[in-house]
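Notes to accompany the following structure.
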Amino acid sequence: MVFIGNLKFEKKQGLLDTEEKVREAREILVKSTEDTFRRLDSAKTASWEGAHSILLD
């Protein structure tokens, strides 16, 4: 049986090798996640409004 824990990780130079790059990557991830959830909420609202207007017709 092979476990994921057996994988070896190595540090790649230039990729998240400083605290500043990690902070920037985290900020980008947070912003994109917020944008994704905003779009999801907008789509759910539009879907609900569309379904509501069908029921009223």
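Bear in mind that the values in this text are calculations on the coordinates, not laboratory data. Every value quoted in this text rests on a predicted model; they were computed, and no experiment measured them. Here Cβ is always computed from backbone atoms with ideal geometry, including for glycine, and neighbour counts include all displayed protein chains.
Can you list the trypsin sites (Lys or Arg not before Pro) in segment 22-52 that are in a DSSP coil and have 16 or fewer other beta carbons within 10 angstrom?
On the way: sites: R23, R26, K31, R38, R39, K44; in loops: none.
The qualifying sites: there are none.
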Please give the net charge around R38, taking every other residue with its beta carbon less than 13 angstrom from that of R38, where Lys and Arg add +1 and Asp and Glu add -1.
-> 0
